[in-house]
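Note sheet for the following structure.
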Amino acid sequence: MCIAHGSPNRKLFMDPRLEVNSQEAFEHCLEGIRALWRRQSGWEVPWGIEYGRSAEVPALLIERGVLGRAAQMLSRDTGWRRVCADAVATVFDASSFAQEHNLSEVSL
């Protein structure tokens, strides 16, 4: 709701907690997570992240638990900065966006 109404020019790729995702979106999400877990370059491609379009590079919210490993891998990527973390999830922004907006890195 916050994304849909508070930032209509930003699209939500997928929220796995919702039941309105298409099978295709779910498969793209899993493909990106698997590639990130394996430290494969291009893990962003299934999610449609293009660094050349900096205004469209998303924030990524990664839940703890099963997906915690993805957050650990992403925290090692210099292109991303961990800007929020709590017991439930970790949020990453593109490093360029975080630097531009003075967002400090937080610990896991």
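The values are calculated or read from the model by the stated rules, or taken from the named source; none is laboratory data. The structure displayed is predicted, hence computed values, not measured ones. We place every Cβ from the backbone using ideal geometry, glycine too, and count neighbours over all the protein chains shown.
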Do you know which residues across the range 64-89 are β-branched (Val, Ile, Thr) and modelled with pLDDT under 90? Val66, Val88
Residue list for the range 54-108, filter: touching a helix residue (DSSP H, G or I) at 6+ places or on another chain (Cβ under 9 Å), part of a helix (DSSP H, G or I), of a type outside the set (A, V, I, L, M, F, W, C) and closer than 16 Å to Ala35 by Cβ: Arg69
